[in-house]
């Protein structure tokens, strides 16, 4: 394997509790239906937009709503981080204008969405991309490379010391200590867990035979609540390793992962690349851009351990004001400015220009039935 440099993440404070509601002051002229969606102050809007869903988007939503308030000061955006499942349920029941979700709608939910939104259906936009880093605490080891099967064997607790021959084979130029490995996993149900184990099941199926879910499947090890909990546990424990949002890695080590003949470090660019190169899910609507993540990619420069969170909404709304607000806010979210606001707040990976162009087509299609 060719070696690539390890990426260190910047510590970001992402604590945010309860409903995010940011409104701002300013002018308001009602826009004509279908003319919004640029995230631009050229057409001033007013009103309240209500969303709910994935807590993974909390910090990003703080950045989006704060930035959007400078563009549309007459608009209030409320977002309740109730969780992906709760957000989808509320949206499909008509309780919110849009949802944030760490998973695409399933077949039953798509049928419900047609009842909620009509024949035009829904849009699903992968607007939030977060690299999941393999984070470790190992004195004297500043760079660590792990092939997929070795990574799976570590987290399956089949490899239990850092100087195991399998790890040494991935790191021929590194002096590895005989320190025991402490695997730290999430104690709570987690989208980060589900995405991480989905990756392990895809790349090391003979080793990782556990069912994919948001609950950590391997007994033993050490468990901690939330991203902050697992990171704190690794910081406190020599020889510890976990999986966590890259933005929270701080000064801990971040492993490069084997992809094809390369080793790839998590970064905004490598995470966005794997999303762009993934295939769309079949049987979706024209503006539904849900994807089947290419977890087993062999493409150089693609980092496949990522969490992708969607924004879900109607292509057609009954109320013209709602259509305008949804289109305009989503237009801001996918803009370069909006994606940078999320990156600054949450450490997420900005979407690529290709993904932005694709999403803009959906945003431009949002309209009202009356």
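Rule-based calculations on the coordinates, nothing more; no lab input. None of the values given here were measured: they were computed from a predicted structure. Don't worry about glycine lacking a Cβ; one is built from the backbone with ideal geometry, like all the others, and counts go over all protein chains shown.
Taking a point 7 Å out from the Cα of residue 261 in the direction of its Cβ, the residues of the stretch 130-151 whose backbone N falls within less than 20 Å of it are 145-149.
Roughly how many whole Å is it from the C-alpha centroid of the stretch 80-95 to that of the stretch 160-199? One Cα centre to the other: 35 Å.
Our estimate of slack between residue 116 and residue 139, defined as 0.36 nm per intervening residue step minus the Cα-Cα distance, is 2.8 nm.
Once you have the Cα-Cα distance between residue 225 and residue 299, take 0.36 nm times their residue separation minus that, and quote the gain in nm to one decimal.
Working: separation 74, 0.36 × 74 = 26.64 nm, distance 3.38 nm.
This chain segment gains 23.3 nm when fully extended.
Note on residue 281/residue 187: beta-carbon distance plugged into 1/(1 + (r/R0)^6) with R0 of 45 Å gives a FRET efficiency of 0.90.
Using r as the Cβ-Cβ distance of residue 353 and residue 48, and R0 as 22 Å, what FRET efficiency do you calculate, to the nearest 0.05? Walk me through the intermediate numbers first.
Numbers: r = 32 Å, r/R0 = 1.43.
The value I calculate is 0.10.
For the chain, the 222 nm mean residue ellipticity estimated from helices alone, with every DSSP H stretch of n ≥ 4 adding -39500 (n - 2.57) and the total spread over all residues, rounds to -10000 deg cm²/dmol. Between residue 344 and residue 318, the distance separating the two model label sites (each 7 Å from Cα on the Cα→Cβ line) works out to 3.9 nm. Helix 336-346 and the long axis of the chain differ in direction by around 50°, with both axes built from C-alpha atoms.
Figure legend: label point modelled 7 angstrom from the Cα of residue 364 along Cα→Cβ; residues of the stretch 94-122 with amide N under 20 Å from it are 120-122. For the stretch 131-270, the relative contact order is 40 percent, taking Cα pairs closer than 8 Å that sit 6 or more residues apart in sequence and dividing their mean separation by the residue count.
Segment residue 66..residue 210, full-extension length gain: 47.8 nm, with 0.36 nm per residue of separation and the alpha-carbon distance subtracted. Secondary structure note: in the chain, about 60% of the DSSP beta bridges are antiparallel.
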